[in-house]
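The values are calculated or read from the model by the stated rules, or taken from the named source; none is laboratory data. Bear in mind the structure is a predicted one, so any value in this text is a computation, not a measurement. With ideal geometry, Cβ positions are generated from the backbone for all residues, glycine too; neighbour counts draw on all protein chains shown. Ligands, DNA and RNA are stripped out before the accessible areas are found, and what is left, the full protein with its side chains, is counted by its heavy atoms. Shrake-Rupley method; radii C 1.70, N 1.55, O 1.52, S 1.80 Å.
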Amino acid sequence: MRTTPTLKRALPVLAVLGATVVAPAPALAAGPADGFASVNALGQNGTTGGAGGATVTATTTAQFLDYIARPEPLTVQVRGTITLPTGTTDGMHPVASDKTIIGLGSDARLSGGGLNIGLPVDDDVTAPPANAVHNIIIRNLSITGATDDLINVQMFSHHIWIDHNDFSNGDDGAVDIKRGSDFVTVSWNRFHDHDKTLLLGHDDDNAAQDVGRLRVTYHHNYFDGSDQRNPRVRFGESVHVYNNYYRDNSYGVASAMNAGVVLEGNYFHSVNNPGRVDFSGDLGRMVQRDNILVDCNHAIETRGTVVEPRTYYPYTPHRAAEVPTVVPAGAGVGTIREGRA
């Protein structure tokens with residue numbers, strides 16, 4: 001039985017930015033997007049968010065909702081707590097294409113509602129439309145207390161990078177990705193005090209929109225007691241889950257409906273089912289390598305072959321034994337750092 005390496009928390013290294021300025025990018029941005037969000041596809045060269053546009057600072061709900069809905073490229077800096085209204089709806093607020101939404105310091109927070117990235121649901125659309133929402137970066141924010149999802153990505157949205165955030169206490173998903181969305185990276189986030197964490201593909205009957213899409217990278221996330229769906233996957237291939245730290249979860253990753261998951265270099269501590277392919281619906285596929293399991297009740301289930309992530313992008317993983325030190329020190333808000341891609 002391997003023991004868990006000692007955790008060492010790094011000191012925050014994120015600088016607090018000043019007042020509203022006009023600039024092509026925030027000083028907080030550290031390095032380009034990696035994983036699937038870095039892939040040139042669908043007419044988009046990687047994920048750059050609001051680069052090239054103005055930078056504005058939101059301190060009120062009205063400012064924030066105005067800025068994120070504008071059509072032009074924009075970097076929206078969030079200062080302090082923004083309360084998102086729920087009204088008579090589900091409290092989900094649309095984000096337009098070409099946006100960077102980034103918190104200032106370690107106390108930037110969205111509370112009460114969630115962010116919706118994508119066009120309205122239309123089951124008759126089965127290929128990416130020309131006006132699909134795309135090129136969005138969300139970083140360094142605590143997002144909590146939504147009455148629905150904390151972040152929802154849908155309807156063929158593509159090139160989305162969700163990085164260095166803290167997610168908790170949503171009523172439904174923390175980050176749900178569905179309905180043909182593609183080329184997404186979810187990295188260096190902390191998920192805690194949450195049940196149904198990450199849904200990738202929402203329904204067993206949605207093959208028409210999802211097959212050949214839902215390509216997502218999940219890396220260096222801290223699943224800190226988040227119970228399930230870390231992630232729960234249908235149809236997507238390749239889905240790359242690497243260098244994540246799992247602690248006290250009912251299950252880690254579930255692959256169903258012929259989804260193809262590469263599970264690599266993760267550290268599972270006290271997880272009942274680290275990886276499953278026999279879950280619900282049709283069987284999924286999973287390739288696992290270099291993972292460490294400590295005090296887990298079941299082995300990782302494997303089945304079939306999966307298209308390798310290196311087919312799309314280069315990356316250099318940490319050793320799995322490093323994950324319990326590296327990930328808690330670097331994940332979440334207040335410490336944007338250069339993780340190895």
Under a 1.4 Å probe, counting only protein heavy atoms, D123 has an accessible area in Å², nearest 10, of 100 Å²
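Run the dipole for the chain about the Cα centre, Lys and Arg Cβ at +1, Asp and Glu Cβ at -1, nothing else charged, and hand back the magnitude in debye, nearest 20.
With Lys and Arg at +1 and Asp and Glu at -1, about 1080 debye.
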With the cut-off at 1.5 for a/c, could you classify the stretch 45-111 from its C-alpha gyration tensor as rounded, prolate or oblate? oblate
Could you tell me the calculated FRET efficiency between S280 and T89, based on Cβ-Cβ distance and R0 = 30 angstrom, to the nearest 0.05? 0.50
Measuring with a 1.4 Å probe in the full set of protein chains, what accessible area per residue, in whole Å², belongs to the stretch 57-113? 39 Å²
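Can you give the FRET efficiency to the nearest 0.05 for R70 and D124, using r as the Cβ-Cβ distance and R₀ = 25 Å?
0.30
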Tally Lys and Arg at +1 and Asp and Glu at -1 over the other residues with C-beta under 10 Å from the C-beta of S187: what net charge comes out? -1
Mind checking the per residue accessible area of the stretch 121-230 for me, 1.4 Å probe, whole number of Å²? 26 Å²
Here the residues of the stretch 290-306 lying in the modelled label zone of A321, meaning backbone nitrogen under 20 Å from a point 7 Å along Cα-to-Cβ, are 290-296
Evaluate the distance, in nm, between pseudo-label points positioned 7 Å from the Cα of D290 and of T59 along their respective Cα→Cβ axes. 4.7 nm
Can you give the convex hull volume of the alpha carbon atoms of the stretch 212-299 per residue, in Å³? 71 Å³
Carbon and sulfur: what percent of the stretch 137-207's accessible surface (1.4 Å probe)? 31 percent
Three-way shape label, the stretch 249-341, alpha-carbon gyration tensor, a/c 1.5: oblate
Dipole check, the stretch 110-207, charges on Cβ (K,R +1; D,E -1), about Cα centroid: among L199, A132, H164 the Cα furthest to the positive pole belongs to H164
Round to the nearest 10 and report in Å² the accessible area of S106, as given by a 1.4 Å probe over the protein chains' heavy atoms. 80 Å²
Sort all Cα-Cα distances of the chain into consecutive 10 angstrom bins from zero, then give the percent of pairs in each bin up to the one containing the longest distance. 6, 28, 37, 22, 6, 0
In square angstrom, rounded to the nearest 10, how much accessible surface does T302 have for a 1.4 Å probe? 80 Å²
Keeping every protein chain in place, order R303, R247 by accessible area at 1.4 Å, biggest value first, i.e. largest first. R303, R247
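Which percentage, to the nearest 5, of the DSSP beta bridges contained in the chain is antiparallel? List each step's numbers first, then the result.
Values: 5 of 91 bridges.
Antiparallel bridges: around 5 percent, rounded to the nearest 5.
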Pull out a ≥ b ≥ c, the square roots of the eigenvalues of the alpha-carbon gyration tensor of the stretch 108-233, then state rounded if a/c is under 1.5, prolate if not and a/b is larger than b/c, and oblate in the remaining case. prolate
